[in-house]
Structure formats: C-alpha cells, structure tokens
Amino acid sequence: MKQLIETFYTGLSELNADKMISCYHKDVLFEDPGFGKLKGDRAKSMWRMLCKNAKNFKVEYSRVEANQHNGKANWEAWYTFSKTGRPVHNIIDAQFEFKDGKIIKHTDHFNIHKWASQAMGWKGKLLGGTGFFRKKLVEQTNKMLDKFIASNS
C-alpha cells in the first residue's frame, strides 16, 4: 500500500490526475479544510480541476507509511493561488484508509489560517481562522468544482 500512496503523489507532482485517480476506490471519500467532504466522482474531479489549473506548481512528499488497512504521508505544495496571484507553501498531513487495494478514504489536514494568510494576504490573516471563513471557502471551492464538472461533462 505504500507504493499506492507513492504513485498517488508521483501523479500529483506530474499534474497527472488520471494517475492519481487510478489509486482511488470508486467510492472514495476525500476531506480537507478547503473543499470539505467530497465523495466518489466529485473527489476525482477535484484533482482533475486542481491539476488542470495549477500554476507554478511543485510538490514533495515524505514519511510515507502504510499497512494493509491504512497509511499516512506528509506532503508540501508550492503554487501560485489563482485568485490573488500570491505564492503559497502549504504543509499537509495526509491519512489514508484502503479497501480492495485502493484508497477508500483520504483526509488532508493543514493549517487553514496559515494557508489563508498566504493565499489572500491581510484578509486571510484577519479572517482565515474563523468558522465563517471556512464555511465560505468550502462554498466557493465547491461552486468552482460544480462549474468545472459541468464544463467537462
């Protein structure tokens, strides 16, 4: 299963959404502070959208551990946030659960306040730690995802 996680992050570093998605179970559940919970095809479409729209993107992963049931990894992403043109360096802890040789659950944890401060400047620094900001962010990212899915179907 360690190889499965490594394949997933190799795909991300290559911006190859198909390689990443091949690691996911058809019923995958993805969750992170930016998108909230995404299931199945929505989770897969999120990676397609992020890979397609990435600017100045670089990723590194480390400390991959796994057994037959679950795994974890640390990864870092550097990119330009498209809405503001600001550089972001996000540090993420990922947890995985496996079923039928695929990733069935993928949860990314990162400091949303630190991310918002980088991505949005003073507004993110001021509001990024609030529940209001998190709710609005998830609404906005899911609207973007809805538009992406609609334009690619």
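The values are calculated or read from the model by the stated rules, or taken from the named source; none is laboratory data. Treat the numbers as computed from the prediction; the structure is a model and nothing was measured. Here the Cβ positions follow ideal geometry from the backbone for every residue, glycine too, while neighbour counts run over all protein chains shown. The protein model used for the area step is the full one, side chains on, heavy atoms only, and it has no ligands, DNA or RNA in it. Shrake-Rupley method; radii C 1.70, N 1.55, O 1.52, S 1.80 Å.
Could you tell me how many degrees, from 0 to 90 and to the nearest 10, lie between the Cα long axis of helix 41-53 and the main elongation axis, the longest principal axis, of the Cα atoms of the chain?
Roughly 60 degrees between the two axes.
By the scheme Lys and Arg +1, Asp and Glu -1, what is the net charge of all other residues having a beta-carbon under 11 Å from that of Arg48?
Net of charged neighbours comes to +1.
Under 5 Å between amide hydrogens, which residues at least 5 positions from Val28 or on another chain qualify, with H placed 1.01 Å from N in the peptide plane?
The list, which skips near neighbours in sequence, is Gly40.
Under a crude label model (7 Å from the Cα following the beta-carbon direction), how far is Asn111 from Asp18 in nanometres?
3.9 nm
A 30 angstrom limit on the alpha carbon distance is what I want to check against. Which of Lys19/Lys123; Lys72/Lys123; Lys2/Lys123; Lys52/Lys135; Lys26/Lys55; Lys26/Lys123 exceed it?
Pairs exceeding 30 Å: Lys19/Lys123; Lys72/Lys123; Lys2/Lys123; Lys26/Lys123.
Go through the stretch 25-30 residue by residue and turn each phi into a ³J(HN,Hα) via Karplus (6.51, -1.76, 1.60, θ = phi - 60°); whole Hz please, and just put x for glycine and proline.
5, 4, 9, 4, 10, 10
What is the stretch 105-152 by shape, rounded, prolate or oblate, if you read a ≥ b ≥ c off the alpha carbon gyration tensor as root eigenvalues and call it rounded for a/c under 1.5, prolate for a/b larger than b/c, and oblate otherwise?
prolate
Along the Cα-to-C-beta direction of Lys102, a point sits 7 Å from the Cα; which residues of the stretch 22-61 have their amide N less than 18 Å from that point?
22-31, 38-49
Taking a cut-off of 18 Å, what percent of all Cα-Cα pairs in the chain are separated by more than that?
Tail of P(r) above 18 Å: 58 percent of Cα pairs.
Between Lys125 and Phe57, what FRET efficiency comes out of the Förster formula 1/(1 + (r/R0)^6) with R0 = 25 Å and r the beta carbon distance, rounded to 0.05?
0.60
For every other residue with a beta carbon closer than 15 angstrom to the beta carbon of Ser153, add +1 if it is Lys or Arg and -1 if Asp or Glu, then tell me the sum.
Once all neighbours under 15 Å are counted, the net charge is +3.
Based on the mean of other Cβ atoms within 10 Å per residue, sort peptides 145-153, 49-57, 103-111 so the most packed one is first.
103-111, 49-57, 145-153
Express in nm, to one decimal, how much length is gained between Lys83 and Asn70 on full extension, taking 0.36 nm for each residue of separation and deducting their alpha carbon distance.
Length gained between Lys83 and Asn70: 1.2 nm.
Carbon-plus-sulfur fraction of the accessible area of the stretch 1-107, 1.4 Å probe, in percent?
46 percent
Quick one: net charge around Tyr79, please, counting Lys, Arg +1 and Asp, Glu -1 for every other residue with C-beta under 9 Å from its C-beta.
+2
Size of the dipole of the stretch 101-153 about the Cα centre, Lys and Arg at +1 and Asp and Glu at -1 on the beta carbon, nothing else charged, in debye to 20?
100 debye
Rounded to the nearest 10 degrees, what's the angle between the helix 131-151 long axis and the longest principal axis of the chain, both from Cα atoms, 0 to 90?
Its long axis makes an angle of about 60 degrees.
Could you run the Karplus curve 6.51 cos²θ - 1.76 cosθ + 1.60 with θ = phi - 60° over the stretch 35-40 and give me ³J(HN,Hα) per residue in whole Hz, x for Gly and Pro?
Couplings: 10, x, 9, 10, 10, x Hz.
Compute, for the chain, the length of the dipole vector about the Cα centre, with Cβ point charges of +1 (Lys, Arg) and -1 (Asp, Glu) only. Units Debye, rounded to 20.
600 debye
Cut-off under 15 Å on the C-alpha distance; same-chain residues fewer than 8 positions from Lys99 excluded. Which aspartates and glutamates are left, in chain and number order?
Within reach: Asp27.
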